[in-house]
Amino acid sequence: MTNAEVIARSAAYEMSVYARQPVAFVRGDGCELWDADGKRYLDFFAGLAVNNLGHCHPAVVAAIREQSALLLHASNVYHTPPAGELCALLCRHSFAERVFLSNSGAEANEAAMKLARRWGSNDGGGRFEILATIGSFHGRTFGTLTATGQEKYHTGFQPLLPGIRLVPFGDLAAMAGAVRDETVAIMVEPIQGEGGVVVPPRDYLPGLRALADRRKLLLILDEIQCGLGRTGRLFAHEHAGMEPDIMTIAKALGGGLPIGATCTTARIAAAFTPGAHGSTFGGNPVTCAAGVAALRALADPTLLEHVRAVGDHFRTRLEGLGRCGGIRNVRGMGLMLGVELDGPGAAVVSRCLAAGLLINCTADRILRFLPPLVITRAQVDEGFAILERALAA
Ligand code: PLP
């Protein structure tokens, strides 16, 4: 099939919820993708921070092959080895002592919010309110949508969930002032992704930790986009020298397969007793085998060092663009980078696509760069040759 044929069939039969680019991908390898017409693209997008290891990482593909020949699914009524192995690995590499596995970021956050409420209903003295932030993105389920501080995603879905309130992001005083008697948890992204690659002040996460401790709140960090090596540390909160009570991850964890994980301490996890929560496909053996292979590769200190070095190079190249193409500022950490433009960025994205480079625009005027973490300096430079022309056009 050609690009046009794939696109025509999608248009005829798929619900139209995505503003899609006019291209159909059929193959990927490392930082490169090929469309149905055989055209090659360089990837500065990584499937929206999923393909952190590049496309079809050999260790992930081998793990999927091996596990899929053994057992595809058994149900959470039983145990299977890969789920426990993945949870053990997550605990070894983080503050966590217990993990709940699901299938997406929204589900990981939904579980985090339910866990906080469940903990609040008992250990938390009946408290239930969750404070989230303006500009955030936490998912599309009703709970996570309510915690998503962007009006455009709410349109037509009201009434949303009670007991969730939005507070300005990056503003410690506003968060402290918002805490009420019924507040049980604070939920934030260490760096807002969808909201426009917004990095909070350095004292924000340590300040939230102190506030949570002072007011006996649970601090939930959504590391779904910024976690798993993206910022040059395995988890973004490591830069701030603090730990959350609950952390959610998804996206890159499955190496390209759908997965979500809600990570916490044994003390908080005790609020989830058998029957309190669950998911038919959560902890699926094939996804978890892929996750084990992916997490081993993502936690490799050599890869994380590479992210910091190539991230510095990428940022220097972005700063080198100066005022070219109406750039106002450069922001982000590691290989989670953005530039704010004077006007909408959609045309720049289209020109890059036509020239064989995948980039993204979020929050209307923020060009967002989330390349695979394995990208080389030479590939960054190849992409910048296209980006410069697209910005200048
Ligand atoms: N949280 C953050 C920070 C995200 O960036 C996303 C997706 O972009 C989600 C949650 C939702 O993840 P999913 O689309 O897998 O449900």
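The values are calculated or read from the model by the stated rules, or taken from the named source; none is laboratory data. Worth saying up front: this structure is predicted, and the values here are computed from it rather than measured. With ideal geometry, Cβ positions are generated from the backbone for all residues, glycine too; neighbour counts draw on all protein chains shown.
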* **Residue ID - nearest to Ala74 (Cα to Cα), chosen from residues in the range 260-283 that are under 20 Å from the mean Cα position of the chain (by Cα) and more than 15 Å from the ligand (Cβ to nearest atom)** => Gly283
* Within the range 218-253, which residues are aliphatic (A, V, I, L, M), without any contact (Cβ under 8 Å) to a residue 40 or more places away in the chain and crowded, with 24+ Cβ neighbours inside 10 Å? -> Leu221
* Qualifying position, being more than 13 Å from the ligand (Cβ to nearest atom) and assigned to a loop (DSSP other than H, G, I, E, B), among Ser94, Ser136, Ser121 -> Ser94
* Examine the range 7-18 for a residue that is outside any loop (DSSP other than H, G, I, E, B), in contact with a strand residue (DSSP E or B) (Cβ under 9 Å, 6 or more places away or on another chain) and surrounded by 15 or more Cβ atoms within 10 Å (Cβ to Cβ), and state whether such a residue exists. => no
* Asked: Name the residues in the range 40-55 that are within 20 Å of Arg233 (Cβ to Cβ) and in contact with a Leu (Cβ under 6 Å, 6 or more places away or on another chain), would you?
  -> Ala46, Ala49, Asn52
* Asked: What about Glu129, is it surrounded by 17 or more Cβ atoms within 10 Å (Cβ to Cβ), at pLDDT 95 or above and away from the ligand (no atom under 13 Å from the Cβ)?
  -> yes
* Of (1) modelled with pLDDT under 95; (2) part of a strand (DSSP E or B), Leu337 satisfies all except one. Which? -> (1)
* **Of all residues making up the range 97-111, the number that are crowded, with 20+ Cβ neighbours inside 10 Å and either away from the ligand (no atom under 16 Å from the Cβ) or not assigned by TED's automatic domain parsing to the domain that holds Asn284 (or both)** => 1
* Asked: Right, Asn51: assigned to a loop (DSSP other than H, G, I, E, B) and not hydrophobic (A, V, I, L, M, F, W, C) or not?
  -> yes
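Just checking, how many residues over the range 33-45 are buried (at least 17 other Cβ atoms within 10 Å of the Cβ) and either in contact with a Phe, Trp or Tyr (Cβ under 7 Å, 6 or more places away or on another chain) or over 30 Å from Gly334 (Cβ atoms) (or both)?
Total meeting the criteria: 4.
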* Restricting the range 203-259 to residues that are acidic (Asp, Glu) and in a loop (DSSP other than H, G, I, E, B), which is farthest from the ligand (Cβ to nearest atom)? -> Asp203
* How about the range 291-314: which of its residues are of a type outside the set (A, V, I, L, M, F, W, C) and farther than 12 Å from Leu373 by Cα? -> Gly291, Arg296, Pro301, Asp312, His313
